[in-house]
Amino acid sequence: MSAPQADRPAARATVPPVSAQPEPIKAIKLRHPWRIVFAVILILGLALFIYDASQRDAYGWDQFAKYIFDRRISQAALITLLMTIYSMVIAIVLGVILAVMRLSDNPVVKGVAWLYLWVFRGTPVYVQLVFWGLFTTIYATIDIGIPFTAPWTSIETKATIDVFWLAVIGLSLNEAAYMAEIVRAGILSVDPGQTEASKALGMGWSQSMRRIVIPQAMRIIIPPTGNEVISMLKTTSLVAAVPFSFDLYGRSRDISAVIFDPVPLLLVASAWYLLFTSILMVGQYFLEKRFSRGVGQAIEKRPNTETGALRTVGGPNDPTRPIDSKGSEHTK
Amino acid sequence: MTDVPMVNAEQVSKNFGSNEVLKGITLEVKRGEVLCLVGPSGSGKSTFLRCINHLERVDAGRLSVDGVLVGYEERDDKLYELKPNVAARQRRDIGMVFQRFNLFPHMTALENIIEAPMKVKGTAKAAAVARGKELLDRVGLAEKADAYPAHLSGGQQQRVAIARALAMDPKLMLFDEPTSALDPELVGDVLEVMKQLAASGMTMIVVTHEMGFAREVADSLVFMDGGVVVESGDPAEVLANPQHQRTKAFLSKVL
């Protein structure tokens, strides 16, 4: 390499001879005095708040300690958790169906999916839950048979449908609209060349979807879905609208009404919610790791400002970001 | 059986809306023949290639592979569009290599190769893996079986893509500008694999700008421009002594 270079005087002139190791730079470090000032102010403020809170009677820490592991509370926490899981499972299944419908070539199928999204995203979840609470009043009986003839059987809704399930239906139908958009964004983010390659290999539509497109879409779908699970856990506190009151927040509110002390039970409920969301965040981290196989280490993780959940950013095509804009619409 | 050409195109036309991309392509590819399609971009050569395995629908004319009509079925003098599963079955026997490789990024090199044999053909895993390893060895990437596409160079990815297509034991291989997305120093490895494949008797249609490859490997060369075949014949002859003005103009730029 160096031999032909040495022959050319021009090349020699532009590359000065390299001496020994360059001398390390000894510069005086730039000081950041304000950093320390702000840090101290923040720590002092936080310490003051904690000290004050621990002394303040209104927080009722003795009551907090008494009720945090109360049987009714832990049962309510379980119900909240189950409600979240059921609602999310239904919402994801329905969301995938709606997403596929929206990507369909059939204009009617597409239109119906759009209409669903329009209604369920365009009205507050609280209002929807009140509607579901009135479901058994609006539809007192469900008749099965041929329309306009005598029904074969008639089901009385009030006796058959539990309020818990009405709440789950309300939550999941609302959530499905958001999940549909997330899934659709995920599917659209997969390079069309992938579908083409799988087609060229002789795969059918469903095979290509299951084996090639969906696994790749998962990388885009999982982070916002994790946020949705966390969001759903908190939204369950709205089921009082149905009305259903055996969930975590409903139960703690009922107890506080009996003991005439609202604050400690709010803290109890908050502590449980925080515990669950923290566990979910850890689970999401591992799921994201699993589905970013083959993408190398190019994944930047940063906390989402709204929920603090981890989120994958920076894939070459990450269209969920503009679409995932529900934060402000949801009643938290 | 040998009388039936592998690919037979008669007046094949294709338009996207009002844009006529193919204006009656007529050509024949014999069994074991290597045909290079060259021409300026937008000349319709990639579209023609995609018509052959029905990634695009032919609008007019007739196109058949191994004597079987592509994308349609003829019954009682009427043409019927094929059901998706029948069309998929047709594509199995035609391998395709893309300009942008299109490897499945969530699968390792070996998984990429064994996916279709296992899921489409129902080959047993052990057999598919054995064949996959053999193919990887053939394209010179035996040690990269467990690497994900993101960790392979472009040339390596394209060679895996060729192995993936070969794993379906195709009777025809289509190459859509296989080296156009590669760094110059990686082109050679891919062309080498393609040369070996041609020597093994595979019928190949190659859309390419590699005139050296065309001259050395191809049995015939077709020059397309503006959706029509402008000139075709023996590669050495066409390249050395083009008859048509448009061919001359194009070759003067690329050679």
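Label chain B by shape, choosing from rounded, prolate and oblate, from the square roots a ≥ b ≥ c of the eigenvalues of the Cα gyration tensor; if a/c is under 1.5 it is rounded, and otherwise prolate applies when a/b is larger than b/c, oblate when it is not.
oblate
Determine, for each peptide in A:244-251, A:222-229, A:113-120, A:28-35, the mean count of other beta carbons within 10 angstrom over its residues, then list the peptides with the highest first.
Final packing ranking: A:222-229, A:244-251, A:113-120, A:28-35.
Run the Debye formula on the Cα coordinates of region B:50-112, all scatterers equal and no solvent, and tell me log10 I(q)/I(0) at q = 0.17 1/Å.
Ignoring solvent entirely, the Cα scatterers give -0.68.
Long-range amide H contacts for B:M204: which residues qualify at under 5 Å (H placed 1.01 Å from N, peptide plane, sequence gap of 5 or more or a different chain)?
Result for B:M204 returns B:E33, B:V34, B:L35, B:M173.
Report the net charge of residues surrounding B:G154, where surrounding means a beta-carbon distance below 11 angstrom and charges are Lys +1, Arg +1, Asp -1, Glu -1.
Here the charged neighbours net out to -1.
In which sequence would B:L174, B:L166, B:L255 go, from the one with the fewest C-beta neighbours within 10 Å to the one with the most?
Least to most surrounded, the residues fall as B:L255, B:L166, B:L174.
When a/c reaches 1.5 or more, the comparison of a/b and b/c decides; with that in mind, is region A:165-235 rounded, prolate or oblate per its Cα gyration tensor?
Note, shape of region A:165-235 comes out prolate.
Once each part is reduced to its C-alpha centroid, what is the distance from region A:132-209 to region B:17-64 in angstrom?
Each part's Cα centre sits 43 Å from the other's.
Averaged over peptide A:265-276, how many Cβ atoms belonging to another chain are found within 10 Å of each residue's Cβ?
Per residue, the number of nearby Cβ atoms from other chains is 0 on average.
How much of the pair distance distribution for the protein assembly as shown lies past 40 Å, counting alpha-carbon pairs only, in percent?
Pairs farther apart than 40 Å: 50 percent.
Can you tell me which of B:44-57, A:185-198 comes out highest on packing, and rank the rest after it, using the mean Cβ neighbours within 10 Å?
The most tightly packed comes first, giving B:44-57, A:185-198.
Suppose R0 equals 30 Å. What FRET efficiency, 1/(1 + (r/R0)^6) with r the Cβ-Cβ distance, do A:I85 and B:V86 give to the nearest 0.05?
0.10
Can you work out the FRET efficiency for the pair A:F135 and A:S245, with r the C-beta to C-beta distance and R0 = 25 Å, to the nearest 0.05?
0.90
Normalised by the residues of chain B, what does the relative contact order come to in percent, with Cα pairs under 8 Å and at least six apart?
Once normalised by length, the contact order is 26 percent.
Which peptide among B:156-163, A:165-172, B:136-143 comes first, and what is the full order, when sorted by highest mean count of other Cβ atoms within 10 Å?
Put in order of decreasing packing, that is B:156-163, A:165-172, B:136-143.
Quickly estimate the mean residue ellipticity at 222 nm for chain B, helices only: each DSSP H run with n ≥ 4 gives -39500 (n - 2.57), and the total goes over all residues, rounded to 500.
Calculated from helices alone, the mean residue ellipticity at 222 nm is -10500 deg cm²/dmol.
Just report the Cα centroid separation between region A:37-54 and region A:77-120, whole Å.
Taking the Cα centre of region A:77-120 as reference, the centre of region A:37-54 is 45 Å away.
Based on the alpha-carbon set only, what is the convex hull volume of region A:111-160 divided per residue, in Å³?
Cα-based convex hull of region A:111-160, divided per residue, equals 109 Å³.
Answer rounded, prolate or oblate for region A:209-266, using the Cα gyration tensor with square roots of eigenvalues a ≥ b ≥ c: rounded when a/c is under 1.5, else prolate when a/b is larger than b/c, else oblate.
prolate
Give me a single rounded figure for B:109-119: the average over its residues of other chain Cβ atoms within 10 Å of their Cβ.
3
Determine the shielding of peptide B:53-64 by partner chains: average, over its residues, the number of Cβ atoms on other chains within 10 angstrom of each Cβ.
If you average over the peptide's residues, the count of other-chain Cβ atoms is 1.
Of B:K144/B:K253; B:K23/B:K253; B:K14/B:K125; B:K30/B:K125; B:K78/B:K125, which pairs sit farther than 30 Å apart, going by alpha carbon to alpha carbon?
Beyond 30 Å between Cα atoms: B:K144/B:K253; B:K14/B:K125; B:K30/B:K125; B:K78/B:K125.
Return the sequence-ordered ³J(HN,Hα) values of region A:28-40 in whole Hz as given by the Karplus equation 6.51 cos²θ - 1.76 cosθ + 1.60 applied to θ = phi - 60°, using x for Gly and Pro.
Working through the residues one at a time gives 7, 5, 5, 8, 10, x, 5, 4, 5, 4, 5, 4, 5 Hz.
Would you mind telling me the antiparallel percentage of the DSSP bridges in the protein assembly as shown, rounded to 5?
Antiparallel bridges: around 65 percent, rounded to the nearest 5.
Which whole-angstrom value gives the distance between the alpha carbon centres of region B:208-239 and region B:80-120?
If we compute the Cα centre of each part, the gap is 28 Å.
Each value in this text was obtained by applying a stated rule to the coordinates, not by laboratory testing. What you see is a predicted model; the values in this text were computed from it and never measured. Backbone-built Cβ (ideal geometry, glycine too); neighbour counts: all protein chains shown.
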